[in-house]
1. From the list VAL205, VAL177, which residue is of a type outside the set (Lys, Arg) and in the same structural domain as SER31 (by TED's automatic domain parsing)?
2. Condition test on HIS131, is it modelled with pLDDT of 90 or more and either over 23 Å from the mean Cα position of the chain (by Cα) or under 17 Å from TYR244 (Cβ atoms) (or both)?
3. In this structure, does ALA190 turn out to be touching a Ser or Thr at 6+ places or on another chain (Cβ under 8 Å), buried (at least 18 other Cβ atoms within 10 Å of the Cβ), small (Gly, Ala, Ser) and closer than 16 Å to VAL309 by Cβ?
4. Applying the selection to segment 242-269, what residues are surrounded by fewer than 19 Cβ atoms within 10 Å (Cβ to Cβ) and outside any helix (DSSP H, G or I)?
5. Considering every residue within segment 86-97, establish whether at least one is more than 21 Å from the chain's Cα centre (by Cα) and buried (at least 18 other Cβ atoms within 10 Å of the Cβ).
6. Which of the numbered conditions does GLY323 fail, given that it passes all the others? Conditions: (1) in contact with a helix residue (DSSP H, G or I) (Cβ under 8 Å, 6 or more places away or on another chain); (2) on the phi > 0 side of the Ramachandran plot.
7. Does segment 139-169 hold any residues that are touching a residue at least 24 places away in the same chain (Cβ under 8 Å), under 24 Å from VAL352 (Cα atoms) and in a loop (DSSP other than H, G, I, E, B), and which are they?
8. Among the residues of segment 226-241, is there at least one that is among the hydroxyl-bearing types (Ser, Thr, Tyr) and within 18 Å of the chain's Cα centre (by Cα)?
Amino acid sequence: MAFMKSPHQIDVDIAIVGAGLVGATFAHLLSRLPLNVALIDRREFGPLKAPFDSTELEFDPRVSALTEASKLLFQKLDIWEAITDKRASPYQEMEVWDADGTGAIDFSAREIGSSELGHIVENSLILSALHDSLASIENLELIGGVAIEQLTLGNNNGDKARITTESGTVISASLVVAADGGNSLIRKLANIDTKEWDYEHTAIVTTVKTQLPHGAKALQRFMSSGPLAFLPLSLGQNSADQHYCSIVWSCLPELAESLMALPEAHFNESLEQAIESRLGKIEFSAKRFAVPLRQRHGKKYYQNNVVLVGDAAHTIHPLAGQGVNLGLLDVAALAEELRQGLKSGRSVFDPVVLGRYERKRRGHNLTTMWAMEGFKRLFAEERLPVRWLRNVGLKSVNSLPLLKNQIARKAMGLDG
């Protein structure tokens, strides 16, 4: 591993652009392959400060609901223990209900023979664990503190792609992996079009302290204005305090604007009413952040020798917390296809290899995206017949343990 910042000509097999959760995970996956890899990011590489490292009680407002499949991936990479040594909140139950009726569904880890349904983990803690071990990866070159200015595509004849940074560094790579987020510059420079539209929702995210303990149970209430989720947080492995939750309140932009303008006490009252006081009074809420929601999906996942992963390939509504999990499944699939391709004597930019990755992930990602869109539209519908049908549907599924548990296992990434 080496750090590179000055103008330089660098030649690698694979250049990963974006050292976030998905890009850093991919760098770890590639450590097991006979390849030279560069990880490029606008930020400098080095120890990351996470809220857990603060002397004051503080949580990262950005959290992920990691599935069992994501946990197993991090265990495979020897990252999971570093995450749980800081803090991760396993949850054993989840309740979802309709605000405009009596329909509800409950999921339980015990009913599917698991110790938990998933873990709520702050993004900065996951990223810190990933970055802390980047320096130990021998085939990895870290290129931090640079801004990309230009991308020249390669071709199937072996011509490499060339990334030029504002400082003059040129990175040549047989394969460029765009892991640089929903507004991916690499996707744009590679001329990969997306299909996208506004959800007409804004997500308000913050951390709250509640009067009653959450009991390791996630709550989600669907309202006509949008879904509200309470995700249980932990203060650490040795803490029994269950009074903190991360909230994601997705609502119409005009409602979000009014909620963001409220003083803390009035916001807490509105939040308490919205969750029907399931956890008693909201005693405290941290700084609020408002994030406009937009869905994107790449019309293709690769162009020449550029391939998209994570949010660069797809962004979805956060109501089920599947965004990061889908990105992790992307890089796990791409790493496996590269491994199989190398074993068969194929190059990392071989369209057969990249095509297999696209086919493996595109259908699953689209299915998840359309499911989230369907849920959003279904619960936004206020017509009485539709309200009646969705309440009957929730009750029906809740009364069928085999179907309900199959849904739970699917959401955990255990079945396909």
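1. Exactly one of VAL205, VAL177 is of a type outside the set (Lys, Arg) and in the same structural domain as SER31 (by TED's automatic domain parsing), namely VAL177.
2. No, not satisfied.
3. It is false that ALA190 is touching a Ser or Thr at 6+ places or on another chain (Cβ under 8 Å), buried (at least 18 other Cβ atoms within 10 Å of the Cβ), small (Gly, Ala, Ser) and closer than 16 Å to VAL309 by Cβ.
4. HIS243, LEU252, LEU262, PRO263, listed by residue number.
5. Within segment 86-97, one or more residues are more than 21 Å from the chain's Cα centre (by Cα) and buried (at least 18 other Cβ atoms within 10 Å of the Cβ).
6. With respect to (1) in contact with a helix residue (DSSP H, G or I) (Cβ under 8 Å, 6 or more places away or on another chain); (2) on the phi > 0 side of the Ramachandran plot, GLY323 is out only on (2).
7. Once the filter is applied, which keeps residues that are touching a residue at least 24 places away in the same chain (Cβ under 8 Å), under 24 Å from VAL352 (Cα atoms) and in a loop (DSSP other than H, G, I, E, B), segment 139-169 yields LEU153, GLY154, ASN155, ASN156, GLY158, LYS160.
8. So in segment 226-241, the residues among the hydroxyl-bearing types (Ser, Thr, Tyr) come out as 234, 239.
Those left that are additionally within 18 Å of the chain's Cα centre (by Cα): none.
No, because not a single residue in segment 226-241 is among the hydroxyl-bearing types (Ser, Thr, Tyr) and within 18 Å of the chain's Cα centre (by Cα).
The values are calculated or read from the model by the stated rules, or taken from the named source; none is laboratory data. These numbers were taken from a predicted model, which means no experiment stands behind them. Cβ: placed from backbone, ideal geometry, glycine included. Neighbour counts: every protein chain shown.
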